[in-house]
1. List the aspartates and glutamates whose Cα lies under 19 Å from the Cα of C:Lys149, skipping any in the same chain that are fewer than 8 positions away.
2. Under 20 Å from a label point 7 Å along Cα→Cβ of C:Asn45: give me every residue in the stretch A:203-237 with its amide N that close.
3. Counting DSSP beta bridges in the protein assembly as shown, what percent are antiparallel, to the nearest 5?
4. Based solely on C-alpha atoms, express the radius of gyration and the Dmax of the stretch B:1-135 in angstrom.
5. Ranked from highest to lowest mean number of other Cβ atoms within 10 Å per residue, what is the order of the peptides B:89-97, A:305-313?
6. If one puts a single equal scatterer on every Cα of the stretch A:294-469 and applies the Debye formula without solvent, what log₁₀ I(q)/I(0) results at q = 0.14, 0.19 Å⁻¹?
7. Semi-axes of the equivalent ellipsoid for the protein assembly as shown, please: Cα gyration tensor eigenvalues, times 5, square-rooted, ordered largest first, whole Å.
8. Across the residues of A:413-419, average count of Cβ atoms on other protein chains within 10 Å?
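Every number here is computed from the coordinates shown, using simple stated rules; none is lab data. Here the structure is a predicted model, which means the values were calculated and not measured. Counting neighbours? That spans all protein chains shown, and the Cβs are built from the backbone with ideal geometry, glycine included.
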Amino acid sequence: MITSTIQPPPSDGDMVGLHARGPLLTAFGLAIGWLVASGVFSLIAAIQLHSAAFLADCEYLTHGRVRALAETSFVYGWAGGAGISAVVLILSRLGGNPLRAANWFGAGSVFWNLGIAAGLVGIATGDMTSFSLLQLPRYVQPLMVFASAAMGIAGLLAWSGRRRDGTFASPWYGVAGLVLLPWALTAAQVSLLWFPMRGVLQAVAAAWYTEAVIFLWLTPLSLACACYLAAKLVGRALPSYEAAPLAFWMLIVVGTWSAGRHLVGGPVPAWIPTMAVFSFSMLLYHFAVVGLNLRPVFGLSGSVGSALKFGVGSYLLYGAVAFLACFRGIALRTQFTHFASATEQLFLYGSVSMILFAALYFLVPQLLGRGWSSPALMSGHLAGATIGVVLSVVALGWAGISQGAVMLEPKTGFGEIASGVRPYLLVNTGAQLVLLASNLLLAVNFLRSLCSCCQGSGVSTALSEGSAS
Amino acid sequence: MKNGPLFLFGLLVSAVIAWSAIVLGAHGQLGGLTPWFDDGEGKSHPARPTGLAARGQLVYADLGCAAGHTQQVRRPGFGSDQERGWGDRQSVARDYIFQERPQIGSSRIGPDLANFGARKPQPPSAETLLALLHSGSDRHPAFPFLFETRKIEGESSARALKLSGKAAPSVGYEVVPSERAVTLVAYLLNLNSPYVYPEAKPLVRAVAKEEGKK
Amino acid sequence: MSSNMDSNPGRGVAGASDDSLQAEHEKLLGKQPDEKGHYRLLPLNLLFLLSAFIMFSGTYLGRFSGYFHPKVYNEYGLPPKPGADSAAAAVDPIALGKNVYAQVCAACHQPNGAGLPPAFPPLAGSEWVSGSEDRLIRILLHGLQGPIKVNGVDYVGVMPAVGPGSGYNLNPEKVAAALTYIRKEWAGIDTPVSAAKVAEIRGKDGTRQPVTVAELEKLP
């Protein structure tokens, strides 16, 4: 390794240990790779929405499969990979020890990514399971359980071996996210793949799993990062923190009861969608307290600060929108339309991804011992991501509402509906293009930062710039 | 959350309880659903899908058709499903008990298909469907890979599609559906849930209110 | 480029070391290493908020739970009364009877009830159909052998038993429904034949040889 003549400033990152850098940086890098790949798939899917003939000849890229490819690579490859790695890193730092079980983490991460790669090939060749967010083929699914458990062990050990006796909100959410995914994956696989339930119960179990991914996995991972970053960047304790434990438990206990919101008006007994309203109303408390706790981030400036702001704001907005969409009167107009995609996009991209971007930008320099190679690429990426998310969420949301309104009129044919929403879908395609381009900026920035030959310019820029806020 | 093991235990218990309540609870209620035997007709409903149709459902699933079509009819008054001719009554759990992998879907870029085999006045013929699947339309993707374009040897096959215009094959060639296309079409034309089970009868609000008062 | 850009956002943030961060937050939850530790009470406004959410969700659940019944698909619906299903499924006897007639009787007596001389007597206009219920029920339950005079014409044939225990094994409900249909259709009699009566007669007579006209004429 080339030693720099300028000493890198002492950072907390040394605490994690040199041995951990390799696995963690690889994990982050692969996650960014999946982000770019999912961007390509999302772009293809978006184009196919308004131009059905696009790439129709290719069996591997038929619309249904491309949607599954985009969703899987995004949720498991990018959000899962980056989220788990960031949380493991945060737990290790808060624990105050060098990362234990780094080998487990490394092996887990390798198998996680291999599993996703094999799974994507399987989806493209026709082995997808047809369950939303669980599209990976059967032969890959058990591997994902073991890989996520292996990665989680490192985080769990970091937390259980912590030096301080008390805890902070980040480890609660972080440990919950790490522990609950293997369990939820297993439960979903058993009830859908190995011993499939009968008939419409598969839809119920699949809806439950969707909630588990949202509220038991991705939300805890991103809130773990958000709480940590907020406290670090603001430099003071989070306000209204006494309310935080109850908000955490509310999410864990009540979060997945809202499975029925995907089955409003569906072939299930009425109590299932009603339970969704019941549980989501209580979940509002969680959203309120998270808003109260994390409100200092809205005063932050700088790249990480704005990404964090956007992410937390989107999370709160998602809570409000998803709550409203649980009610039958509103679901009547929004279900089965692009509005559902917009809501999903708001959560996955607007909230989880932006918080993970903030986490990446914050944590990677501490692993590298030097800053990102190009602040320009950083702000370019974040600006593009912000614009892309806003455009696509607004375009899809508007498309969905107009589509829903028109579908209620029985005389309007689907051809007319399609031409009515076409302009919005074109805007969405543009937004996906912007998102892909900005994620490429992130990938380039990451690779350059890794490369030691860029080290010189990176460090000097870091030293001359002031602090973030 | 000082106590590690207790915290982990709490996490798992909460998650298991939620899963049990929703998934196992629903399973307890609906897992044992049997077909409904109609004394008048002497038949039980729903009917099991034919073997070809059952295989077709797997083709539907692996192509991801659920990304654009639902297979769940909403109740009268909740949307315009009945007026669009998608079904006379809402879909209930009993409609799906013999389906290996129900594709109820969550997106209506295209129409609902739950009763596609019973479209009025007439469901599309198999030939029309195959032509649509092969060539697509301006709002439906094409699936040419489900078909084989081959040289005509001797006489053209009885199964060859009658295509015209841009979609037609070059002279001397014919387009023949593969087995996947045939099973998929068989599945689509088999989709029909006509029987009105007691639980599927639409609710008359006034009657319900009266009964509720008693 | 503005000073907003920093390639290492984490550096130089004062007072935010990981250790002090956790210490600050632990103080807020009131748990010090030597303290027994108890959670602080929620601030009042949050308590009100939580109560409001719980009240709303409880009310919603109360109104729209559908009684958690597996057969209630409409959130405004009531659970079906026990036995309501079988009552609802007890098809209109005319419709049931029509079906039974079509499946069992029409082969001989013809769909239009005209019969087929010389073996199968007509039902349309037949005095036996519009006459005594007791005799008619026994004909179906046990079958008929020997000649029978219908509308002045003699018919010689064999009517098989169709009731419980016979080759057709129709239950009393179906026998009664068939008779109700036949009498309504071709004799204009609206009073249905009761399944209980059919069952009673079957119970009394038991399994026996087909009846003859002579035996039937002894009955009211």
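1. List returned: C:Glu127, C:Glu133, C:Asp134, C:Glu215, C:Glu217.
2. A:237
3. 90 percent
4. 20.1, 68
5. B:89-97, A:305-313
6. Here log10 of I(q) over I(0) equals -0.79, -1.16.
7. Taking √(5λ) for each Cα gyration eigenvalue gives 66, 33, 22 Å.
8. Per-residue shielding by partner chains comes out at 4.
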